[in-house]
Amino acid sequence: MLKIAVVVLADTETHGDLGRVVNALFTVQEASEAGDEVRLIFDGAGAKWIGELANPAHRSHALYERNKPLITGVCRYCAVAFGVTESVMAEGVALLDDYQEHPSLRALVRDGFAVLVF
């Protein structure tokens, strides 16, 4: 069993950004189906994706819903900075503040996770 942490930093602005978040979600899904220990974290501008993907009209909503149980959380600092705290909390997603209001990527590495950044 592998230990994989997927971190989404991609913004919500471009078609390429959508491609990155979709690839992140498929990576998480594949790892989960293989029985790996998976963490999915939204950080930086990626914090904006929760509200976007939670919208049932979004074309990647179904993929988001399938992978929602695998979401570890969203960077607390970035959720505030990008004004998305309410949408994150409405989805029941945790706000991560392990290190100065940010998720600790170092702790993931320490705990043996391969960290993949999208």
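Read-outs throughout are calculated quantities, based only on the coordinates presented, and are distinct from any laboratory measurement. This is a predicted model, so every value here is computed, not measured. Note that each Cβ is placed from the backbone with ideal geometry, even for glycine, and that neighbours are counted across all protein chains shown.
Report yes if Gly112 is touching a Cys at 6+ places or on another chain (Cβ under 7 Å) and at positive phi, otherwise no. Judged against the criteria, Gly112 is not a match.
So in region 57-97, with the set limited to residues that are small (Gly, Ala, Ser) and surrounded by 14 or more Cβ atoms within 10 Å (Cβ to Cβ), which one is nearest to Val115 (Cα to Cα)? Restricting to residues being small (Gly, Ala, Ser) and surrounded by 14 or more Cβ atoms within 10 Å (Cβ to Cβ), the top hit is Gly73. Assessment of region 102-118 against the conditions (under 12 Å from the mean Cα position of the chain (by Cα), aromatic (Phe, Trp, Tyr) and in a loop (DSSP other than H, G, I, E, B)) yields at least one matching residue. The listed residues are Leu116, Leu70, and the only one of them that is aliphatic (A, V, I, L, M), within 25 Å of Lys3 (Cα to Cα) and free of Cβ contacts under 8 Å to residues at least 60 places away in the same chain turns out to be Leu70. Within region 1-30, the residues that satisfy the criterion of being buried (at least 23 other Cβ atoms within 10 Å of the Cβ) and without any contact (Cβ under 8 Å) to a residue 60 or more places away in the chain are Leu25, Val28.
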